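Every number in this text was worked out from the coordinates using simple rules, so none of it is lab data. Since the structure is predicted, the reported quantities are computational estimates derived from the model, not experimental observations. Cβ coordinates were reconstructed from backbone atoms using ideal geometry, including for glycine residues, and neighbour counts include every protein chain displayed.
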Amino acid sequence: MEEISWQDFEKVELRVGTILTVEDFPEARKPAYRLTIDFGPAIGVRKSSAQITKHYTKEALLGKQIIGVVNFPKKQIATFMSECLVTGFADENGDIVLSTVAAKVPNGAKLI
């Protein structure tokens, strides 16, 4: 495992956002959803593609607060431009479980 400096960690903008919309993403190579996420007034609303269909229904994701990286460059995924990275951990089958917060916090709050 490569060590990083504290300054390296501080460059990563891990922020809390609330999922506003969830749509199927049939053009993706692997099953995925297109998400619209509110990261608060300073960052705004961002879009992301997430391969989280094994553990989450569209209905269960609405209103859920997640942790995302908001300072990566935009990335083209099939026909969609992803504007942030939704974070999570792979389970024993490689399916993603979202990183979330234990209690509601303001959208845009930074992981410290």
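Condition check: touching a residue at least 60 places away in the same chain (Cβ under 8 Å) and part of a strand (DSSP E or B). Does VAL105 satisfy that? Spell out the reasoning first.
On the way: touching a residue at least 60 places away in the same chain (Cβ under 8 Å): yes; part of a strand (DSSP E or B): no.
Criteria not met by VAL105.
Restricted to segment 1-18, and to residues that are part of a strand (DSSP E or B) and of a type in the set (A, V, I, L, M), which residue is surrounded by the fewest Cβ atoms within 10 Å (Cβ to Cβ)?
Checked segment 1-18; the qualifying residue surrounded by the fewest Cβ atoms within 10 Å (Cβ to Cβ) is LEU14.
I'm trying to understand the selection: among the residues of segment 47-67, which are without any contact (Cβ under 8 Å) to a residue 12 or more places away in the chain and small (Gly, Ala, Ser)?
Selection gives ALA60 alone.
Considering only segment 47-86, how many residues are over 16 Å from ILE96 (Cα atoms), more than 10 Å from the chain's Cα centre (by Cα) and not in a strand (DSSP E or B)?
Residues that pass the stated criteria total 9.
Taking segment 68-89 as the search range and keeping residues that are out of contact with any strand residue (DSSP E or B) (no Cβ under 6 Å at 6 or more places or on another chain) and free of Cβ contacts under 8 Å to residues at least 60 places away in the same chain, which one is surrounded by the most Cβ atoms within 10 Å (Cβ to Cβ)?
By that ranking, first place goes to ALA78.
Could you tell me how many of the residues in segment 19-46 are part of a strand (DSSP E or B) and either free of Cβ contacts under 8 Å to residues at least 60 places away in the same chain or crowded, with 20+ Cβ neighbours inside 10 Å (or both)?
13
Among the residues of segment 90-99, count how many are exposed (fewer than 13 other Cβ atoms within 10 Å of the Cβ) and either assigned to a strand (DSSP E or B) or touching a Cys at 6+ places or on another chain (Cβ under 8 Å) (or both).
So the answer is 1.
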